[in-house]
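The values are calculated or read from the model by the stated rules, or taken from the named source; none is laboratory data. Worth saying up front: this structure is predicted, and the values here are computed from it rather than measured. For neighbour counting, all protein chains shown are included, and Cβ atoms are generated from backbone atoms with ideal geometry for every residue, glycine included.
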Amino acid sequence: MSSLALINEFLGMPSNNASSHGYQIDHIIEFCHWFMGALFVGWSAFFIYVLIRFRKRRQPGADHLGVKSGISTHLEFSVVLIEIVLLLGFAIPLWAKRVNQFPPGKDALLVHVVAQQFSFNYHLPGPDGQFGRRDISFENNSNPLGLDPNDPAGKDDIVTAGELHVPVNRPVVAELSSKDVIHDFFLPSMRIAGDAIPGSLIPVWFTPVKTGTDEIICGQLCGLGHYGMKGTLVVDTPQDYEAWLKERAELAGGAQSAAPSPSPGAPQPQNKPSKPAASPTPGG
Ligand SMILES: [Cu+2]
């Protein structure tokens, strides 16, 4: 963390970065804050100068010729130049890195994030590494993601809500989708956010570099219960992550014997006890 981070701290920006790329985001925000601060001081000084220099007592009549020096043109040109450098030199390359350079398939952990009013569901492929088929016609209270009970690839799949576990130092690709309205999967400590839009699959990625627990929040006003649409991100050591995975896989296996009976075409809410794999839904 550079000493420039002072301005971010002063403005109340979180300093809890725990991802490999987060410092770049912090840095560009820092830079923009300093730049905006310099502009603020510069333009304020200019404003005060103009108030004094062109006061009525000194200048009783309007001067229709105006200022003849080219200083304001130079100033404005420099501001435009700095903004172009910021945009083309920093912001666009940083963004391009985020959206074009996804980690290669095998290295990354792929998780499906399915947002709904008002929680995030997570779908992991289980020990076989394959995601089971999902269909909206299989959705019910005990099968919130509509996993196809007839698909063998889905038998060992892990579905959780509220808490997302990821291992440290391994890239995570989260594929975002939504069951109802537009939500936003926001991981402040990972310096990453992405909209979850119905009908779209939007991947975002990050690499956690610190173990610990942080917030997951919905960053789009998505309804009355939006304020409570929060979850927990747990960054585990590889050993802890394996242990969690094993525990969840066992729970998922246990739930399969009590698999829900799907009623295709008519997904009705059923009052069955929910899967033990699913922790309580936060919020409303
Ligand atoms: Cu939301």
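Go through the range 154-209 and give me each residue that's within 21 Å of residue 129 (Cβ to Cβ), among the small types (Gly, Ala, Ser) and modelled with pLDDT of 90 or more.
174, 177
Of all residues in the range 177-202 being over 15 Å from residue 166 (Cβ atoms) and touching a Phe, Trp or Tyr at 6+ places or on another chain (Cβ under 7 Å), which is nearest to the ligand (Cβ to nearest atom)?
If we take residues in the range 177-202 being over 15 Å from residue 166 (Cβ atoms) and touching a Phe, Trp or Tyr at 6+ places or on another chain (Cβ under 7 Å), then 196 is nearest to the ligand (Cβ to nearest atom).
If a residue has to be β-branched (Val, Ile, Thr), without any contact (Cβ under 8 Å) to a residue 60 or more places away in the chain and surrounded by fewer than 17 Cβ atoms within 10 Å (Cβ to Cβ) to count, how many in the range 189-210 make the cut?
Number satisfying all stated conditions: 1.
Could you list, ordered by first residue, the pairs with Cβ atoms under 8 Å in which the first is in the range 88-104 and in a helix (DSSP H, G or I) and the second is of a type in the set (S, T, N, Q), at least 6 apart or interchain?
94/24
Tell me, which residue of the range 215-259 that is farther than 27 Å from residue 180 by Cβ, within 24 Å of the chain's Cα centre (by Cα) and hydrophobic (A, V, I, L, M, F, W, C) is modelled with the highest pLDDT?
Restricting to residues being farther than 27 Å from residue 180 by Cβ, within 24 Å of the chain's Cα centre (by Cα) and hydrophobic (A, V, I, L, M, F, W, C), the top hit is 235.
If we scan the range 72-80, do we find a residue that is over 30 Å from residue 244 (Cα atoms), away from the ligand (no atom under 16 Å from the Cβ) and within 20 Å of the chain's Cα centre (by Cα)?
No: zero hits.
When both residues are 6+ apart or on different chains and their Cβ atoms are under 6 Å apart, which pairs have a first residue that lies in the range 126-138 and is among the polar types (S, T, N, Q), and a second that is in a loop (DSSP other than H, G, I, E, B)?
137/264; 137/265
Among the residues of the range 205-227, which ones are more than 18 Å from residue 122 (Cβ to Cβ) and touching a Phe, Trp or Tyr at 6+ places or on another chain (Cβ under 8 Å)?
Across the range 205-227, the qualifying residues are 223, 225, 226.
Of the numbered conditions (1) of a type outside the set (Val, Ile, Thr); (2) farther than 13 Å from residue 119 by Cα; (3) away from the ligand (no atom under 16 Å from the Cβ); (4) under 16 Å from the mean Cα position of the chain (by Cα), residue 163 satisfies every one except a single condition; which is it?
It fails just one condition, (2).
Residue by residue through the range 211-220, note down the ones that are part of a loop (DSSP other than H, G, I, E, B) and surrounded by fewer than 19 Cβ atoms within 10 Å (Cβ to Cβ).
Hits for the range 211-220 are 211, 219.
Scanning for something within 16 Å of the ligand (Cβ to nearest atom) and β-branched (Val, Ile, Thr), does the range 104-117 turn up at least one residue?
Yes, there is a match, as at least one residue in the range 104-117 is within 16 Å of the ligand (Cβ to nearest atom) and β-branched (Val, Ile, Thr).
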